[in-house]
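Read through the structure below, which is laid out as structure tokens, and then see the notes.
The values are calculated or read from the model by the stated rules, or taken from the named source; none is laboratory data. Note that this is a predicted model, so its numbers are computed, not measured. Here the Cβ is made from the backbone with ideal geometry for all residues, glycine too, and neighbour counts use every protein chain on show. We work out accessible area using only protein heavy atoms, side chains counted, and drop any ligands, DNA or RNA first. Shrake-Rupley method; radii C 1.70, N 1.55, O 1.52, S 1.80 Å.
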Amino acid sequence: MERSLTMELVRVTEAAALSSARWMGRGLRNEADDAATSAMRTVFDTIPMQGVVVIGEGEMDEAPMLYIGEKLGTGVGPAVDVAVDPLEGTNIVAQGTWNALAVIAIADKGNLLHAPDMYMEKIAVGTEAVGKVDINASTYENLQAVADAKKKDIEDVVAIVLDRPRHQQLIQEIRQAGARIKLIPDGDVAAAINTAFDETGVDILFGIGGAPEGVLAAVALKCLGGEIQGKLVPKDEAERARCEKMGIKDLDRVFYMEDFCKGDDAIFAATGVTDGELLKGVQFKGTRATTQTVVMRAKSGTVRFIDGEHSLKKKPNLVMEP
Ligand code: VTB
């Protein structure tokens, strides 16, 4: 994979963030998502690669663009698997709260997990706790392992969990263990990434979120030297059948880093749409807009934060007006 693709991917997530951020705080989640998706799709046409969407906006018959199997790029250049979430956190943008991201991950063809669109139980940690947690261990054991690895008391360990009724027991277990919880309304990709950055104050992600989001988080954590483990959680017979069709017979199967993203190379980029612990969201002032992006590559381990300042006058196509 050409390393020059890293900067190209920044342009993709910047465009998606700029477009969807225009909808911040307007209470219109679908409009925010559509804006991100079409901006992302447009920029892909200019990128020298032969990409195929493996994680996207849905199946071909349910999504007009960035659907699974769609070809992306100019058709010359490296053959890559593409995972996208043009707007991770549509509700977040609609409500103007924290941690919405425009996200993309790519890896050499055949290397990304084709995760079905269903729930996945996840556990994610940053570098220090790699190899120390186990999705099959108890909540207490995992919290204690993170505390030991990070040389802190369990009382100072901060777990991040999606605020959902399905997590009631998990939340109780974390509090009983003495650790603290940051409950979030949406956005477990940002939450997983944040475990790899000390300054975010987040030590471990627990709980059930989307499986496709698990793949995106895995690529980021691969670049950062962190770890995520996952288990599919089919909600009904149809989803169980879907797993079987994919060759996943054992529903207790644990997906590890190498299952999510094979090989030694992958690139991940995310631009903040709304403010978060790691990235500032898009800000507009007159004809200028600013963005903040993190872009990283697994092979080199380089992590870059890129501040963008955009002229909306010179590039009006960057933002689709509501
Ligand atoms: C999470 C969250 C995402 O989906 O994966 C969540 O991180 C899981 O679905 O931002 P439920 O809302 O059904 O709990 C998102 O909210 C995005 O769809």
Mean Cβ neighbour count within 10 Å, used as a protection proxy, ranking 11-20, 237-246 highest first:
11-20, 237-246
Compute the Cα gyration tensor for segment 123-162, then decide on rounded, prolate or oblate, letting a ≥ b ≥ c be the square roots of its eigenvalues: rounded whenever a/c is under 1.5, prolate when a/b is larger than b/c in the other cases, and oblate in all that remain.
rounded
Which whole-number value in Å² is the accessible area per residue of the chain, probe 1.4 Å?
44
Would you mind checking segment 197-221 for residues with the amide N under 18 Å from a putative spin-label position 7 Å along Cα→C-beta of ASP156?
197-204
Most to least packed among 115-128, 85-98 [average Cβ atoms within 10 Å]
85-98, 115-128
Cα centroid separation, segment 1-75 to segment 260-322 (Å)
13
Roughly what percent of Cα-Cα pairs across the chain reach past 29 Å?
33
Mind listing the phi-derived Karplus ³J(HN,Hα) values for segment 306-315, rounded to whole Hz, using 6.51, -1.76 and 1.60 with θ = phi - 60°, and x for any glycine or proline?
10, 8, x, 10, 10, 9, 6, 6, 7, 10
For THR74, put the label point 7 Å out on the Cα→Cβ axis and report which residues of segment 85-123 keep their amide N under 17 Å from it.
none
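On the protein heavy atoms, probe 1.4 angstrom, tell me the percent of accessible surface of segment 218-298 carried by carbon and sulfur.
Numbers: 1670 of 3440 Å².
Carbon and sulfur: 49 percent of the exposed surface of segment 218-298.
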Accessible area (Å², 1.4 Å probe, nearest 10) - ARG166:
90
Please give the net charge around ALA179, taking every other residue with its beta carbon less than 14 angstrom from that of ALA179, where Lys and Arg add +1 and Asp and Glu add -1.
-2
So how much slack lies between ASP163 and ASP307, counting 0.36 nm per residue of separation and subtracting their Cα-Cα distance, in nm?
48.8 nm
Relative to a virtual label point 7 Å from the Cα of LEU28 in the Cα→beta-carbon direction, which members of segment 36-66 show backbone nitrogen distances below 16 Å?
36-39
Determine the share of segment 75-122's accessible area contributed by carbon and sulfur atoms, expressed in whole percent, with a 1.4 angstrom probe.
50
Ellipticity estimate at 222 nm from DSSP helix runs (n ≥ 4, -39,500 (n - 2.57)) divided over the chain, nearest 500:
-8500 deg cm²/dmol
